[in-house]
Amino acid sequence: MRAEGSPLPALAGAGARGYTRLMPTESTMMIIEFIRSIPPGRVVSYGAVAELSGSPAGAAGARQVARILHSMSRSYGLPWWRVVRKDGSIALDDEEGRILQSRLLESEGVEFASPGRIDMGIYGIRP
């Protein structure tokens with residue numbers, strides 16, 4: 001049996017588009033669990049999440065964390081708003097998202113040192 005319009009066989013248990021939801025890898029689950037453990041009122045940089053959860057440090061690890069937050073925050077109930085850039089700024093490009101993240105952090109007691117920037121020395125969790 002072939003997926004409609006595809007030369008490839010249909011996958012058992014495939015969704016409406018013919019894709020199967022893959023189970024997260026062990027390293028992805030470690031990142032998810034670390035993000036879940038960030039306490040209210042604290043923030044962590046993308047790179048620090050990677051490093052503290054055993055993933056590669058640096059830009060590659062930070063990108064992995066960003067991808068996980070983008071694709072899995074809703075399904076895993078992740079407190080995505082507690083992850084910021086290493087300089088304490090909000091990484092979201094759209095204004096609506098930045099405002100939402102700021103409000104969620106402020107509701108947990110996080111104060112901004114300057115517009116859009118959190119003092120990582122006060123609120124940040126570091127490796």
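The values are calculated or read from the model by the stated rules, or taken from the named source; none is laboratory data. Computed from a predicted model, the values in this text were never measured in an experiment. Positions of Cβ are backbone-derived with ideal geometry, glycine not excepted, and every protein chain shown enters the neighbour counts.
The residues in region 73-96 that are charged (D, E, K, R) and part of a loop (DSSP other than H, G, I, E, B) can be counted, and the count is 5.
In region 74-104, the qualifying residues are those that are at pLDDT 95 or above and among the polar types (S, T, N, Q), and the one that is nearest to residue 119 (Cα to Cα) is 89. Within region 34-46, the residues that satisfy the criterion of being more than 11 Å from the chain's Cα centre (by Cα) and outside any strand (DSSP E or B) are 37, 38, 39, 40, 41, 42.
Taking region 111-127 as the search range and keeping residues that are of a type outside the set (Phe, Trp, Tyr) and more than 23 Å from residue 51 (Cα to Cα), which one is surrounded by the fewest Cβ atoms within 10 Å (Cβ to Cβ)?
If we take residues in region 111-127 being of a type outside the set (Phe, Trp, Tyr) and more than 23 Å from residue 51 (Cα to Cα), then 115 is surrounded by the fewest Cβ atoms within 10 Å (Cβ to Cβ).
Sort through 60, 16 and tell me the only one that's in a loop (DSSP other than H, G, I, E, B) and either β-branched (Val, Ile, Thr) or modelled with pLDDT under 95 (or both).
16
Scanning region 75-104 for residues that are surrounded by 16 or more Cβ atoms within 10 Å (Cβ to Cβ), of a type outside the set (Gly, Ala, Ser) and in contact with a strand residue (DSSP E or B) (Cβ under 7 Å, 6 or more places away or on another chain) yields a count of 5.
Among residues of region 59-78 that are at positive phi, those with a Cβ under 8 angstrom from a residue that is part of a helix (DSSP H, G or I) and modelled with pLDDT of 95 or more, sequence gap 6+ or separate chain, pair up as 77/36.
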